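Below is one structure, written out as structure tokens, with a few remarks after it.
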Amino acid sequence: MFLYLVVLLSSRIEKINLTMGTFIAILALLGFAGIEAVTVNSTWGGLYPRESSSREVKSLDGLWNFRLAPLLDPDQGFREEWYSQPLSLSGPVISMPVPSSYNDVTQDKALRDHIGWAWYDRTFIVPTRWQADKQRVVLRLGSAHYNSIIYLNGEFLTAHEGGHLPIMAEITTGLVYGQENLITVAINNTLTPTTVPQGKIVFKTDPTRYPAGYFVQEYNFDFTNYAGIHRPVYIYTTPRTYIDDIVITTDIDGTDGIISYNITYESLDGYSSKVKAAGCSIKLLDKNGAHVKSAMGCVGSIKVENATLWWPYLMDENPGYQYTMIVAVSDEEGNLDLYPQKVGIRVVGWNSTTLTINGVPAYLRGCGRHEDADIRGKGVDYPLIVKDFSLLKWLGANSFRTSHYPYAEEIMDMADQEGIMIVDESPAVGLTGFGEELMNNHITVMKELVRRDKNRPSVILWSVGNEPVSNEPAAKDYFSNVVNATKSEDPTRPVTCVLSQPKDREQGASSLDIILVNRYYSWYTDTGHLEIIEKQTITEFTEWHLLHNKPVMISEYGAGSIAGFHQDPSFTWTEEYQAELMMNNFKAFDNLRNKGFFIGEMIWNFADFATPMEYNRPGACMKGLFTRARQPKMAGHLMRYRYWSLAKEYHNSTMPTGADKPWLLMNY
């Protein structure tokens, strides 16, 4: 871990926290080869790699070579320039699946618990015709946790601070065409007080209790700090003049839909949207591929008569409807780039009491979630994605929150397709301190997130963070600045932050459009006293609305349960206790719904997930409706009844066979 370098300078320091920039500067001063050039931070991951008649996509997923930097010599890989040749030539390597977290795929405790640098590499070949056709070639990683440095054929390519968001680098001139190329990725999972999310390294300096250099990583969240290349890695081509970005907004005019677009392009030959060296055209196709409309120009709008709108699941018989916009950019040299962009026509509205979709009040029925599963950790897994959305629809849920970080684009694609509404959340979990450097990093993350997900109809709400320690005075201006920066990137959606501080001491709420609050009555407070949930919930959430005159919803509530653990009368950690706690919350929610400002309920959590080693959790957070293996607990069946009952009330949906199980309802 790189912070050992500072220990060499002072043996008396107990707590040391460095940003990635400070870390790079220290390494440069100490003369470590290959580091002094690392000053680039990628802030735009580019359009998702999709094939078209002008674009070719090659996957680099699979088994990569992998090794850890030595715990007591974290700089070794840079000093010895491991990136200059295959990793296997500088020491022993193992196979590591990409995408996946590296923590849980072996029996090595040191690998599972590693803090610091990890190294990946693999070789690949690109066809010579890419060079003959003068194609632009791009490398794109869906995400790497958290800080990454990428090399191609021994040369520095790019760097990125923070996980969860894509990293892109143009590699046209760095490739050897028709022969093997070497890509090397160094990643570091260390968190500091100015990273998003935050953490700190604590050195244990008592020589009577700890060996020399001993340290631990601490952080302000309760899920496993998985690390690795978590999302797909692609190489793709574009013509020399290419589409750089597409910004889409939609509106509704009676029965017609309006799609407004802004297309930007760039060129390896120096063209840009400002130079007017190329032109744009649009072709809109319906869900079946039939032509709907065409248009010319890089900025404009299309009116779709009798449009089919994008609706959330169970709000319409045809949820998740999307058109496909084929965007074309061509220049005088004969370069033509085509990109297929999905478009869902829908409008999000909000006022002091209500959130609307296409003018219809929406009541969110959902849950918090995690990207988390056995062995793969946070790695993208397509069967798991399909399974999770199947379970969400089985529940009758229409929404979830990407707690507590941006989810994979493959998951977001599925949400668009299935009509599941998303509260799209940044990795800013448990923030404290609220200094300027942290704020600037936070704003950068929000800009990257908005730029990635701006065109998604499923995204109805941006969340700038979860459970900040926002009773600190500095939080007021901090969140005002972060929220305003987010709204300047996208004024079409409301912005929130998931709160947990007492309402009379909360400093960030005044900046938000919608108030989301986490409350665990009869679990973390008044444990065992289920009878007080209804009163406490009604009282507090009513007061939140009266204080801020904004829509309010509960974004987390719940209790842990061990699958198969039963006791009557109910007792904490039994399935019965979790179910009874839910039912007492339902009573409060029904009362609040009748007051006109309560817009949704999200339980914590969708499925049990891995946590750090702690004395108060048995290796996992057990608050799931489902086990980590995606099997329903009693709570899952109960929630299915709840959500389908609400769908019937709001949308006249037909409850599926098996959703109504009176024996699970107990005294509700």
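The values are calculated or read from the model by the stated rules, or taken from the named source; none is laboratory data. Because the structure is a prediction, the values reported are computed rather than measured. As a convention, Cβ positions derive from the backbone with ideal geometry for all residues, glycine included, and neighbour counts pool all protein chains shown. Remember, those area values only see protein heavy atoms, side chains included, never the ligands or the DNA or RNA. Shrake-Rupley method; radii C 1.70, N 1.55, O 1.52, S 1.80 Å.
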| query | Residues that are open to solvent by 50 Å² or more (accessible area, probe 1.4 Å) and at pLDDT 95 or above: which strands (runs of 3 or more DSSP E) entirely in the stretch 52-166 hold 1 or more of them? | reply | 57-59, 62-68, 94-98, 117-125, 155-160
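Out of Tyr577, Tyr641, I need the residue that is within 30 Å of the chain's Cα centre (by Cα), open to solvent by less than 70 Å² (accessible area, probe 1.4 Å) and hydroxyl-bearing (Ser, Thr, Tyr). Which one?
On the way: Tyr577 fails: within 30 Å of the chain's Cα centre (by Cα).
Of the residues listed, the single one that is within 30 Å of the chain's Cα centre (by Cα), open to solvent by less than 70 Å² (accessible area, probe 1.4 Å) and hydroxyl-bearing (Ser, Thr, Tyr) is Tyr641.
Within the stretch 385-401, track down each residue that is touching a residue at least 60 places away in the same chain (Cβ under 8 Å) and open to solvent by less than 10 Å² (accessible area, probe 1.4 Å). Walk me through it before giving the result.
Residues of the stretch 385-401 touching a residue at least 60 places away in the same chain (Cβ under 8 Å): 387-388, 391-401.
Matches in the stretch 385-401: Asp388, Leu392, Leu395, Gly396, Ala397, Asn398, Ser399, Phe400, Arg401.
Hey, any hits in the stretch 286-305 for a residue that's in contact with a His (Cβ under 8 Å, 6 or more places away or on another chain) and either more than 13 Å from Val343 (Cα to Cα) or open to solvent by less than 40 Å² (accessible area, probe 1.4 Å) (or both)? Give the steps one after another, and end with the answer.
Start the filter on the stretch 286-305 by keeping residues that are in contact with a His (Cβ under 8 Å, 6 or more places away or on another chain), which leaves none.
Within the stretch 286-305, none of the residues are in contact with a His (Cβ under 8 Å, 6 or more places away or on another chain) and either more than 13 Å from Val343 (Cα to Cα) or open to solvent by less than 40 Å² (accessible area, probe 1.4 Å) (or both).
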| said: Step by step: first the residues of the stretch 498-529, then only those that are of a type in the set (Gly, Ala, Ser) and more than 17 Å from Val429 (Cα to Cα), then the one that is most open to solvent (accessible area, probe 1.4 Å). Which residue is that? | reply: Ser510
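Going residue by residue through the stretch 420-436, is there one that turns out to be in a loop (DSSP other than H, G, I, E, B), touching a residue at least 12 places away in the same chain (Cβ under 8 Å), at positive phi and aromatic (Phe, Trp, Tyr)? So that I can check it myself, show each step before the final result.
Initially, the stretch 420-436 is screened for residues in a loop (DSSP other than H, G, I, E, B), giving 420, 426-428, 430-435.
Now restrict to residues that are touching a residue at least 12 places away in the same chain (Cβ under 8 Å): 420, 426-428, 430-435.
Still in the running and at positive phi: 430, 433-434.
Filter once more, so that each one left must be aromatic (Phe, Trp, Tyr): 434.
Yes: the stretch 420-436 contains one or more residues that are in a loop (DSSP other than H, G, I, E, B), touching a residue at least 12 places away in the same chain (Cβ under 8 Å), at positive phi and aromatic (Phe, Trp, Tyr).
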| query | Residues in the stretch 155-188 that are small (Gly, Ala, Ser), at negative phi and in contact (Cβ under 8 Å) with a residue 60 or more places away in the chain: how many? | reply | 4
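Please find, among Gly596, Gly624, the residue that is farther than 23 Å from Glu531 by Cβ, over 29 Å from the mean Cα position of the chain (by Cα) and in a loop (DSSP other than H, G, I, E, B).
Values: Gly624 fails: over 29 Å from the mean Cα position of the chain (by Cα).
Exactly one of Gly596, Gly624 is farther than 23 Å from Glu531 by Cβ, over 29 Å from the mean Cα position of the chain (by Cα) and in a loop (DSSP other than H, G, I, E, B), namely Gly596.
Restricting attention to the stretch 417-448, report how many residues are among the charged types (D, E, K, R) and open to solvent by less than 10 Å² (accessible area, probe 1.4 Å). Write out each step before concluding.
Going through the stretch 417-448, the residues among the charged types (D, E, K, R) turn out to be 418, 424-425, 436-437, 447-448.
So of that shortlist, the ones also open to solvent by less than 10 Å² (accessible area, probe 1.4 Å) come out as 424-425.
Total meeting the criteria: 2.
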| task | Kindly indicate which of Met439, Met446 is in a helix (DSSP H, G or I) and within 13 Å of the chain's Cα centre (by Cα). | result | Met446
| remark: Scanning the stretch 282-340 residue by residue, the ones that are farther than 24 Å from Asp133 by Cβ, touching a residue at least 24 places away in the same chain (Cβ under 8 Å) and aliphatic (A, V, I, L, M) total 12
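Tell me, which residue of the stretch 538-551 that is buried (at least 16 other Cβ atoms within 10 Å of the Cβ) and more than 29 Å from the chain's Cα centre (by Cα) is nearest to Tyr577 (Cα to Cα)? Walk me through it before giving the result.
Start the filter on the stretch 538-551 by keeping residues that are buried (at least 16 other Cβ atoms within 10 Å of the Cβ), which leaves 538, 540-542, 544-545, 548, 550-551.
The next check asks that each one be more than 29 Å from the chain's Cα centre (by Cα); those that pass are 538, 540, 542.
Values: Ile538: 21, Glu540: 23, Thr542: 26 Å.
Filtering the stretch 538-551 for residues that are buried (at least 16 other Cβ atoms within 10 Å of the Cβ) and more than 29 Å from the chain's Cα centre (by Cα), the one nearest to Tyr577 (Cα to Cα) comes out as Ile538.
Yes/no per residue for (1) among the charged types (D, E, K, R); (2) over 22 Å from Asp608 (Cβ atoms):
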{"residue": "Met325", "(1), (2)": "no, yes"}
{"residue": "Ala328", "(1), (2)": "no, yes"}
{"residue": "Glu332", "(1), (2)": "yes, yes"}
{"residue": "Pro340", "(1), (2)": "no, yes"}
{"residue": "Arg346", "(1), (2)": "yes, yes"}
{"residue": "Ala362", "(1), (2)": "no, yes"}
{"residue": "His370", "(1), (2)": "no, no"}
{"residue": "Ser390", "(1), (2)": "no, no"}
| Of all residues in the stretch 272-306, which are modelled with pLDDT of 95 or more, hydrophobic (A, V, I, L, M, F, W, C) and not in a strand (DSSP E or B)? | Ala290, Cys298
| query | Does the stretch 343-356 contain any residue that is surrounded by fewer than 18 Cβ atoms within 10 Å (Cβ to Cβ), of a type in the set (Lys, Arg) and over 19 Å from Arg136 (Cβ atoms)? | reply | no
| query | Which members of the stretch 606-623 meet the condition of being surrounded by 24 or more Cβ atoms within 10 Å (Cβ to Cβ) and either within 20 Å of Asn103 (Cβ to Cβ) or free of Cβ contacts under 8 Å to residues at least 60 places away in the same chain (or both)? | reply | Ala607, Asp608
| Odd one out for Thr238 among (1) of a type outside the set (Gly, Ala, Ser); (2) more than 22 Å from Val126 (Cα to Cα); (3) modelled with pLDDT of 95 or more | (2)
| query | Considering only residues of the stretch 627-650 that are basic (Lys, Arg) and assigned to a helix (DSSP H, G or I), which is farthest from Leu391 (Cα to Cα)? | reply | Lys648
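Mind counting the residues in the stretch 230-259 that are open to solvent by 40 Å² or more (accessible area, probe 1.4 Å) and small (Gly, Ala, Ser)? Spell out the reasoning first.
Within the stretch 230-259, the subset open to solvent by 40 Å² or more (accessible area, probe 1.4 Å) is 240, 247, 249, 251-255, 258.
Those left that are additionally small (Gly, Ala, Ser): 254.
Qualifying residue count for the region: 1.
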| Set Ile460, Ile411, Ile375: member being within 22 Å of Pro494 (Cβ to Cβ) and open to solvent by 10 Å² or more (accessible area, probe 1.4 Å) | Ile411
| message | Please count how many residues of the stretch 124-154 are free of Cβ contacts under 8 Å to residues at least 12 places away in the same chain and closer than 15 Å to Leu60 by Cβ. | response | 0
| For Ile263, are the conditions met, namely being farther than 29 Å from Asn398 by Cβ, among the hydrophobic types (A, V, I, L, M, F, W, C), surrounded by 20 or more Cβ atoms within 10 Å (Cβ to Cβ) and touching an Asp or Glu at 6+ places or on another chain (Cβ under 8 Å)? | yes
| Looking at the stretch 552-574, which of its residues are open to solvent by 30 Å² or more (accessible area, probe 1.4 Å), in contact (Cβ under 8 Å) with a residue 60 or more places away in the chain and over 16 Å from Trp523 (Cβ atoms)? | Ala563
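Working only within the stretch 323-368, note down all residues that are outside any loop (DSSP other than H, G, I, E, B) and within 27 Å of His404 (Cβ to Cβ). Full working, then the answer.
Let us first name the residues in the stretch 323-368 that are outside any loop (DSSP other than H, G, I, E, B), namely 323-331, 336-343, 348-350, 355-357, 360-361, 364-368.
The answer is Lys342, Val348, Gly349, Trp350, Leu355, Thr356, Ile357, Leu364, Arg365, Gly366, Cys367, Gly368.
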